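A.B. asks: Sending over a structure as structure tokens; questions will come in a sec.
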Amino acid sequence: MKSKVVDNNENLLSGVTRRDFMKFCTAVAATMGLPLGMVPKIAEAITSPQRPPVIWLSGQECTGCVETLLRTNHPSIDSLIFDLISLEYSETLNAGSGHQAEAARTKSIEANKGKFILVVDGAIPVKDKGIYCMIAGKPVLDILNETAPLAAAVIAIGSCAAWGGVAAASPNPTGATPVHEILKGKGIPVVNIPGCPPNPYNFLSTVIHYLTFKKLPALDDKGRPKFAYSRLIHENCERRPHFDAGRFAEQFGDEGHRQGFCLYKLGCKGPETYNNCSTLPFNDTPGCWPVATGSPCFGCSEEKVGFNSPLFSKAKVVFPTPPAGHTDAVPEKGGGAKGFAYGVAGAAIGAAAVALTKRDGKED
């Protein structure tokens, strides 16, 4: 038997079964740390015929933040833009182009003042009055300053929009600037969803929170949703036990690397990067995130880490204290006592490795 919400909105759900739909709503609630009692309210908000209009602007970017949305399954991109939101303008996904697209954007903004969500991906160049990124012959800097005051909320998606990203890396010849800095002091709420690209569900959950509660989710001091960016990647990393035991890959392709040892010595920035990569994999695929595939986290979602710190420099570890002891990663039969002894030694090695990175501010 279908729920009343689903029965009344069958067309809006594009034939999705009640079971799958409620699974999705439950997953969204869990992602945002909401109680199960909020699931019906989320379902009602999602199936409401009053879809929020969205204007999507692109600055200095690679289109990766749009591409990540194309790979969502719950909902799929067609369900997102046709069922959940009303995507009024997006340079990448527009059906029209040129003067037709610009006219549609202007018309939508005028009709939805104070109601639409403005999404921005990419950094905003400010040098030479922003001439380094033009849309329809107009600097994106001017378009942002004209559009943002008319929006209900602004979401800066991706590290370029949130922190400046690769476009703002030294020497930053175009004066690439994050969105929140452009809008600073104008009383416009800006949510940062950093990542290169970010997990699409961090963005979708933010939009759904807004749909459900008519307000933005709780944010940290950097404007990021706390439900996604309140914990260090290092805390829940699948390689964390190896870090605590002092088991590190020393080189790419060595024995430790092949056995899944910690990538700290190869420059992993997980110990200083706040994100949910280690608990919410990409593409709905377990193990689909950089560290699981053997690539160190480079801190793309953390301000002044990704695109600023050298790739193979060691991270600043916030929680270096290891447990009392560990067994071997692959213990020999009957080697329990020996494994414990090695574990204690490994714990000391792990703590020492971190201490060395802090010695006089130099790397070992």
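The values are calculated or read from the model by the stated rules, or taken from the named source; none is laboratory data. Treat the numbers as computed from the prediction; the structure is a model and nothing was measured. Methodologically, a virtual Cβ is constructed for each residue, glycine included, from the backbone with ideal geometry; neighbour enumeration extends over all protein chains shown.
A.B. asks: Any idea which residue in the range 162-193 is farthest from Val140 (Cα to Cα), counting only those that are in contact with a strand residue (DSSP E or B) (Cβ under 8 Å, 6 or more places away or on another chain) and assigned to a loop (DSSP other than H, G, I, E, B)?
C.D. replies: Pro189
A.B. asks: So, Phe243, is that one in contact (Cβ under 8 Å) with a residue 40 or more places away in the chain, over 17 Å from Cys297 (Cα atoms) and part of a helix (DSSP H, G or I) or not? Even if it seems obvious, please write down each step before you answer.
C.D. replies: Numbers: in contact (Cβ under 8 Å) with a residue 40 or more places away in the chain: yes; over 17 Å from Cys297 (Cα atoms): no; part of a helix (DSSP H, G or I): yes.
When the stated conditions are applied, Phe243 does not pass them.
A.B. asks: Counting just the residues of the range 277-297 that are within 13 Å of Ala249 (Cβ to Cβ) and small (Gly, Ala, Ser), which one comes out farthest from the chain's Cα centre (by Cα)?
C.D. replies: Gly294
A.B. asks: Among the numbered criteria (1) surrounded by fewer than 16 Cβ atoms within 10 Å (Cβ to Cβ); (2) in contact with a His (Cβ under 9 Å, 6 or more places away or on another chain); (3) closer than 19 Å to Lys314 by Cβ, which single criterion is violated by Gln259?
C.D. replies: (3)
A.B. asks: Would you please name the residue that is nearest to Lys215 (Cα to Cα), looking only at residues in the range 136-155 that are buried (at least 20 other Cβ atoms within 10 Å of the Cβ) and without any contact (Cβ under 8 Å) to a residue 40 or more places away in the chain?
C.D. replies: Val154
A.B. asks: I've got another one for you. With the checklist (1) more than 13 Å from the chain's Cα centre (by Cα); (2) at pLDDT 90 or above; (3) not assigned by TED's automatic domain parsing to the domain that holds Gly306 in hand, flag the one item Glu238 doesn't pass.
C.D. replies: Only one criterion in (1) more than 13 Å from the chain's Cα centre (by Cα); (2) at pLDDT 90 or above; (3) not assigned by TED's automatic domain parsing to the domain that holds Gly306 is unmet by Glu238, namely (3).
A.B. asks: Taking Gly137 as the residue in question, decide whether it is in the same structural domain as Ser108 (by TED's automatic domain parsing) and either modelled with pLDDT of 95 or more or closer than 12 Å to Gln60 by Cβ (or both). Even if it seems obvious, please write down each step before you answer.
C.D. replies: Values: in the same structural domain as Ser108 (by TED's automatic domain parsing): yes; either modelled with pLDDT of 95 or more or closer than 12 Å to Gln60 by Cβ (or both): no.
Against the criterion (in the same structural domain as Ser108 (by TED's automatic domain parsing) and either modelled with pLDDT of 95 or more or closer than 12 Å to Gln60 by Cβ (or both)), Gly137 does not qualify.
A.B. asks: Taking Pro178, is it touching a Lys or Arg at 6+ places or on another chain (Cβ under 9 Å) and crowded, with 19+ Cβ neighbours inside 10 Å? Steps first, answer last, please.
C.D. replies: On the way: touching a Lys or Arg at 6+ places or on another chain (Cβ under 9 Å): no; crowded, with 19+ Cβ neighbours inside 10 Å: yes.
Taking the combined requirement at face value, the residue does not satisfy it.
A.B. asks: So, one more: For Asp284, only one of the following conditions fails: (1) more than 12 Å from Leu232 (Cα to Cα); (2) charged (D, E, K, R); (3) modelled with pLDDT of 90 or more. What is its number?
C.D. replies: (3)
A.B. asks: Counting only residues that are within 14 Å of Trp56 (Cα to Cα), within 22 Å of the chain's Cα centre (by Cα) and not in a strand (DSSP E or B), which one in the range 75-115 is modelled with the highest pLDDT?
C.D. replies: Glu91
A.B. asks: Here is a further query. For Asp121, only one of the following conditions fails: (1) farther than 19 Å from Gln60 by Cα; (2) in contact (Cβ under 8 Å) with a residue 12 or more places away in the chain. What is its number?
C.D. replies: The one condition Asp121 does not meet is (1).
A.B. asks: Which numbered condition in (1) surrounded by 22 or more Cβ atoms within 10 Å (Cβ to Cβ); (2) in the same structural domain as Trp163 (by TED's automatic domain parsing); (3) assigned to a loop (DSSP other than H, G, I, E, B) is the only one that Ile208 fails?
C.D. replies: (3)
Quick grid of which residues meet (1) of a type outside the set (Gly, Ala, Ser); (2) at pLDDT 95 or above; (3) surrounded by 18 or more Cβ atoms within 10 Å (Cβ to Cβ):
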{"position": "Tyr132", "(1), (2), (3)": "yes, yes, yes"}
{"position": "Ala162", "(1), (2), (3)": "no, yes, yes"}
{"position": "Ser170", "(1), (2), (3)": "no, no, no"}
{"position": "Leu219", "(1), (2), (3)": "yes, no, no"}
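The rows are residues; the columns are (1) buried (at least 19 other Cβ atoms within 10 Å of the Cβ); (2) not small (Gly, Ala, Ser).
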| position | (1), (2) |
| --- | --- |
| Ala228 | yes, no |
| Leu232 | yes, yes |
| Arg239 | yes, yes |
| Asp254 | no, yes |
| Pro271 | yes, yes |
| Asp284 | no, yes |
| Trp289 | yes, yes |
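A.B. asks: Does at least one position in the range 2-9 carry a residue that is at pLDDT 65 or above and under 22 Å from Phe213 (Cβ atoms)?
C.D. replies: Within the range 2-9, the subset at pLDDT 65 or above is none.
So far as the range 2-9 goes, no, none of its residues is at pLDDT 65 or above and under 22 Å from Phe213 (Cβ atoms).
Okay, residues lined up against (1) in contact with a strand residue (DSSP E or B) (Cβ under 8 Å, 6 or more places away or on another chain); (2) charged (D, E, K, R):
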{"position": "Tyr210", "(1), (2)": "yes, no"}
{"position": "Phe213", "(1), (2)": "no, no"}
{"position": "Lys222", "(1), (2)": "yes, yes"}
{"position": "Gly246", "(1), (2)": "no, no"}
{"position": "Ala249", "(1), (2)": "yes, no"}
{"position": "Phe252", "(1), (2)": "no, no"}
